[in-house]
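Structure, as structure tokens:
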Amino acid sequence: MEEDSLELLGNNLKAHIADNDLANKISTGIDVFGVIVDLAIQLPVIDTFKKLSDSFNNYNALRLHKKLTKFLFGISDIPPLDRQRFMEELDSLHELKEKSGEVLIDIIVRTNHLGKIDFIINLFKAQVAGKIDISEFIRLSVVLEKVSVSDLYQLKNYDLNTQSSKPGIYEGSLTDALYSAGLVDISVIGGNTGTLFNLNNLGRQMLLHALSESQ
């Protein structure tokens with residue numbers, strides 16, 4: 001059912017591609033890019049389509065299709081004007097030196113767990129709602145690559161403002177991973193409770209805007 005809906009949506013949105021030749025290059029297997037076009041009002045370069053099309057029969061391409069499907073359906077309730085505004089703000093980051101559509105696709109491609117797509121969707125919505133700016137969206141998306149989903153869900157235990165039974169306690173490799181990713185800082189060194197870690201600003205943004213809707 002999901003595949004049928006996606007194919008129908010992709011076919012409908014091909015009408016938004018001015019270049020008929022390019023539209024014809026979008027095979028059924030990557031019709032999902034018809035949706036990207038509608039969201040971004042900008043096309044990735046043709047090489048991107050060719051590269052994905054050439055490798056579509058392998059495992060990674062199938063995973064990519066799942067990621068894109070999940071992401072696109074996840075943001076489908078965002079008004080088109082808000083999606084367009086997001087892409088324009090992404091384009092304003094000239095230091096990225098790529099089209100907004102390519103940047104967004106790269107973020108999705110690098111996601112190493114389908115569960116993290118939910119976090120990216122939440123960050124997209126947070127940016128549209130004005131809760132984070134476009135640079136923070138990029139920064140948080142990059143950090144998502146560095147931490148496992150299971151570790152991210154433990155981030156709440158490092159909020160010293162909560163009523164957790166053991167907030168900020170060092171927990172070996174879990175704490176090391178969150179600290180290495182730049183999500184927590186050392187709060188107290190030594191003392192009766194040992195070394196404590198607390199969410200820094202980046203970690204708090206991750207907890208509030210990426211994870212809050214997914215827990």
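A compact table of results
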{"item": "Label-point separation, residue 186 to residue 131 (7 Å along Cα→Cβ), nm", "result": "3.2 nm"}
{"item": "Local electrostatic count, residue 117, Cβ distance below 10 Å [Lys/Arg +1, Asp/Glu -1]", "result": "+3"}
{"item": "3J(HN,Hα) from dihedral phi, region 76-88, Karplus parametrisation 6.51/-1.76/1.60, rounded to Hz, x for glycine, proline", "result": "5, 8, 7, x, x, 5, 5, 5, 5, 4, 4, 5, 5"}
{"item": "Protection proxy ranking, peptides 168-175, 68-75, average beta carbon neighbours within 10 Å, highest first", "result": "68-75, 168-175"}
{"item": "Which listed pairs, of 67/125; 125/156; 70/116; 67/156; 66/99; 116/156, have C-alpha distances above 19 Å, in listed order", "result": "125/156; 67/156; 66/99"}
{"item": "Surrounding net charge for residue 100, when Lys and Arg each add one and Asp and Glu each subtract one, Cβ distance under 9 Å", "result": "-4"}
{"item": "Long-range HN-HN contacts of residue 169 with modeled amide H, under 5 Å", "result": "197"}
{"item": "Relative exposure of 118, 185, judged by other C-beta atoms within 10 Å (fewest first)", "result": "185, 118"}
{"item": "Burial ranking of peptide ranges 80-87, 201-208 (average Cβ count within 10 Å, highest at the top)", "result": "201-208, 80-87"}
{"item": "Length released on extending from residue 201 to residue 146, taking residue separation times 0.36 nm less the Cα-Cα span", "result": "18.1 nm"}
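Rule-based calculations on the coordinates, nothing more; no lab input. Treat the numbers as computed from the prediction; the structure is a model and nothing was measured. Positions of Cβ are generated from backbone atoms using ideal geometry, with glycine treated the same way; all protein chains shown enter the neighbour counts.
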